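Scroll down for the structure; my scribbles are underneath it.
The values are calculated or read from the model by the stated rules, or taken from the named source; none is laboratory data. Remember, predicted model here, so these are calculated numbers, not experimental data. As a convention, Cβ positions derive from the backbone with ideal geometry for all residues, glycine included, and neighbour counts pool all protein chains shown. These accessible areas exclude ligands, DNA and RNA; they are computed on the full protein's heavy atoms, side chains included. Shrake-Rupley method; radii C 1.70, N 1.55, O 1.52, S 1.80 Å.
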There are 2 protein chains.
Amino acid sequence: MTENPFYSHEFHGDYDLISIGQLALEEGGVIADCELAVATFGTLNEAKDNAILIPTWFSGTHQIWRDVYIGADHALNPDKYFIICVNQIGSGLSTSPNNATGANAALAGPRFPDVRIGDNVVAQERLLREHYGIETLALVVGGSMGAQQTYEWAVRFPDKVLRAAPIAGTAQNTPGDYLIAQALREALTSDPGFSDGDYASNADVVDGLVRHAHIWAVVGFSTEFWKQEVYRALEFDSKEAFLAGFLEPYFTAMDPNALLTQSWAWQRGDVARHTGGDLAAALGRITAKTFVIPINEDQLFPVRDCSPEQELIKNSELRVVDDVLGHLGLFGVAPTYMPQIDQHLGDLLDTEI
Amino acid sequence: MTENPFYSHEFHGDYDLISIGQLALEEGGVIADCELAVATFGTLNEAKDNAILIPTWFSGTHQIWRDVYIGADHALNPDKYFIICVNQIGSGLSTSPNNATGANAALAGPRFPDVRIGDNVVAQERLLREHYGIETLALVVGGSMGAQQTYEWAVRFPDKVLRAAPIAGTAQNTPGDYLIAQALREALTSDPGFSDGDYASNADVVDGLVRHAHIWAVVGFSTEFWKQEVYRALEFDSKEAFLAGFLEPYFTAMDPNALLTQSWAWQRGDVARHTGGDLAAALGRITAKTFVIPINEDQLFPVRDCSPEQELIKNSELRVVDDVLGHLGLFGVAPTYMPQIDQHLGDLLDTEI
């Protein structure tokens, strides 16, 4: 276990740690006692048909969904829906390299097993069924790695997902995206302080985490974001100030092994694993009403990678979000971002199934 | 001086080392004896009006121009033109951190001074005038950092440049591009073997050079290059094989300090330095017939960054090259690349001035 104050209630507010018991993983590893960090909003109705599931993205937690996406003034309205945000395995909050103790002690740090997108979805399905008695979801929605999990849900459990909204992510990760994640991984693992994952504190890997932040600066935002100096709207007066005041502290607070657990899954996200590599067959299994929601300036999951997937989903629409931030538009910084998301999710939730 | 067999006639064929004497640099440094590595093709006519200048790009030398761009079957035809390819300062072949000896010994390795795009152009102008007696150029053409130097030539010496063809580069570097170069630099400088630039051999920095290659893999090619597996046309059967067989050996042969000298200049390329930051005024100085030639899939210098600059140049045209490789389409790997370049350069050279 690695002490890291970032992964705490102090920084993340309310969430519950719920054990789903032993989880056998696709790659052969086993998590003896898999705990999921879950934040819920609203109330499950008696029919148990008003549940919305939100899986989290790389480096992100329920926090950003709570602060930006969920509210009475949003489509994700807790007055109407029971919204369950489940932090992914390896997020730092759910069972992760940095918090593996007790029954999971053997999995601490670099000994944490490889976890796939599918493992997360299996864990979430068990949580929903056993803990909440939820058998169908009004909506699964997630961004980036959350979109990967959304697709996995819709393909793996088609009868349970009535609506799906993958935002800024793909069903099958592209090789270009794999290489981006690889460059991010190498920024961490190359730091001498990383010590093959056996560092004492994330502070030992601060140089690697800063380089990791700098690569995110390049791939996470669009070139227009930098050219138009959009960070000025966030009250930073130079790109250097924005890096030092936003992206660097964002990532240096995190656990490198946790980030590596997540990016390993990100690199290998692929619903065609269910169909012997046939992506059309996999996406053909989806029965959910699906809105594929890419961001037009996204370099990680560009529209041209998302659009062909949407065309393979029967009951689907392509809804492109306009945001100069690019992929990290997901942070909801642009005032024009959430109105678009609310419009699309609102339309989707209003669709009778 | 750092022994590096890559920067030699064995690997680069014929070129001449020509001293232009002492070069005082914009940032205040001085190169006591500035030698330029120059490869020429064809014959200078008596009127001395058939000269074409080619400045080199980051990590590239005259070699790629000789092997891909120049020939009797190309617009850059040595039967017709006297083509002078000048390797930039810090290229490893011209005076550079790795070869600073004799009068330049104090500049070896990390003690090499900061060199700007403008310093290169001043050095080239002196070379052409003093060594060849060339006062006007039929064409200046270069790719990437060579495009930066092409713009600098056209702005700084408008009377000397009849035609200009900046390929896949900008007159004013964008902040997004600055950050890309910064991530590349950090891949090198963060290697413990870099030792603040005082390594004994580039082999000591092989890990950093490999990471540097992996970031180039992400930014240098388009996502479609990887998705369409274009590397198969080069007889590599996986992206990993392409990295290991092409990009990694390409960069690991090079000198880290030389690459850092080049990228420092790349980051700061800006013709508006001549006009107090007024880009329109700077580009308004250009009298050359100019073809601005971006590559449509280029992530470093996208069309939308090149096109507004073209609009500020009086006698100019935008000629977009279609190449799925993106920026590294400059290598001329796609069979459809050189026919487009030859068409554009041929049209430009055929334009009466």
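Summary table
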read-out	value
Filtered residues of the stretch A:196-216 (kept if of a type in the set (Gly, Ala, Ser) and either touching a strand residue (DSSP E or B) at 6+ places or on another chain (Cβ under 9 Å) or in contact (Cβ under 8 Å) with a residue 60 or more places away in the chain (or both))	A:197, A:200, A:201
Residue within the stretch A:188-195 that is within 12 Å of chain B (Cβ to nearest Cβ), closer than 24 Å to residue A:116 by Cβ and among the polar types (S, T, N, Q) present	yes
So residue B:114, is it assigned to a loop (DSSP other than H, G, I, E, B), open to solvent by 30 Å² or more (accessible area, probe 1.4 Å) and either under 18 Å from residue B:266 (Cβ atoms) or touching a Cys at 6+ places or on another chain (Cβ under 6 Å) (or both)	yes
Of the criteria (1) assigned to a loop (DSSP other than H, G, I, E, B); (2) in contact with a Pro (Cβ under 8 Å, 6 or more places away or on another chain), which one residue A:98 fails	(2)
Which numbered condition residue B:278 fails, given (1) more than 14 Å from chain A (Cβ to nearest Cβ); (2) under 21 Å from the mean Cα position of the chain (by Cα); (3) of a type outside the set (Val, Ile, Thr)	(2)
Residue satisfying all of: in the stretch B:158-180; among the β-branched types (Val, Ile, Thr) and at the interface with chain A (Cβ under 8 Å from one of its Cβ atoms); nearest to residue A:299 (Cα to Cα) among these	B:180
Number of positions in the stretch B:207-228 that are facing another protein chain (nearest Cβ under 8 Å) and over 24 Å from the mean Cα position of the chain (by Cα)	4
The listed residue being open to solvent by less than 10 Å² (accessible area, probe 1.4 Å) and in contact with a helix residue (DSSP H, G or I) (Cβ under 8 Å, 6 or more places away or on another chain), out of A:31, A:64, A:18	A:31
Criterion: touching a strand residue (DSSP E or B) at 6+ places or on another chain (Cβ under 8 Å) and open to solvent by less than 10 Å² (accessible area, probe 1.4 Å) - qualifying residue of A:44, A:76	A:76
From the options A:134, A:89, A:84, residue that is more than 30 Å from residue A:200 (Cα to Cα) and crowded, with 24+ Cβ neighbours inside 10 Å	A:84
Scan of the stretch A:240-293 for residues that are of a type outside the set (Val, Ile, Thr), assigned to a loop (DSSP other than H, G, I, E, B) and open to solvent by 40 Å² or more (accessible area, probe 1.4 Å), ordered by number	A:268, A:276, A:277, A:278, A:285
Residue satisfying condition, being in contact with a helix residue (DSSP H, G or I) (Cβ under 6 Å, 6 or more places away or on another chain) and under 25 Å from residue A:222 (Cα atoms), within set B:305, B:323	B:323
Top-ranked residue in the stretch A:196-206 [being open to solvent by less than 30 Å² (accessible area, probe 1.4 Å) and part of a helix (DSSP H, G or I); ranked as nearest to the other protein chains (Cβ to nearest Cβ)]	A:205
Pairs with Cβ under 7 Å, 6+ apart, first in the stretch B:63-82 and modelled with pLDDT of 95 or more, second among the acidic types (Asp, Glu) and surrounded by 16 or more Cβ atoms within 10 Å (Cβ to Cβ)	B:74/B:342; B:75/B:342
Residue count for the stretch B:229-239, restricted to those that are part of a loop (DSSP other than H, G, I, E, B), away from chain A (no Cβ under 12 Å) and of a type outside the set (Asp, Glu)	1
Pairs where the first residue, in the stretch B:296-319, is among the aliphatic types (A, V, I, L, M) and the second is open to solvent by 40 Å² or more (accessible area, probe 1.4 Å) and part of a loop (DSSP other than H, G, I, E, B), C-beta under 7 Å, 6+ apart	B:303/B:296; B:303/B:320
Test result for residue A:303, within 14 Å of chain B (Cβ to nearest Cβ), open to solvent by 20 Å² or more (accessible area, probe 1.4 Å) and under 19 Å from residue A:145 (Cβ atoms)	yes
Qualifying position, being of a type outside the set (Gly, Ala, Ser), away from chain B (no Cβ under 14 Å) and in contact with a Cys (Cβ under 8 Å, 6 or more places away or on another chain), among A:312, A:259, A:318	A:318
Answer residue from the stretch B:324-353, given it is part of a loop (DSSP other than H, G, I, E, B) and more than 21 Å from the chain's Cα centre (by Cα) and is nearest to residue B:166 (Cα to Cα) among those	B:351
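To keep it simple, each residue is scored yes or no on (1) without any contact (Cβ under 8 Å) to a residue 60 or more places away in the chain; (2) part of a helix (DSSP H, G or I).
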{"residue": "B:104", "(1), (2)": "no, yes"}
{"residue": "B:122", "(1), (2)": "no, yes"}
{"residue": "B:142", "(1), (2)": "no, no"}
{"residue": "B:187", "(1), (2)": "yes, yes"}
{"residue": "B:194", "(1), (2)": "no, yes"}
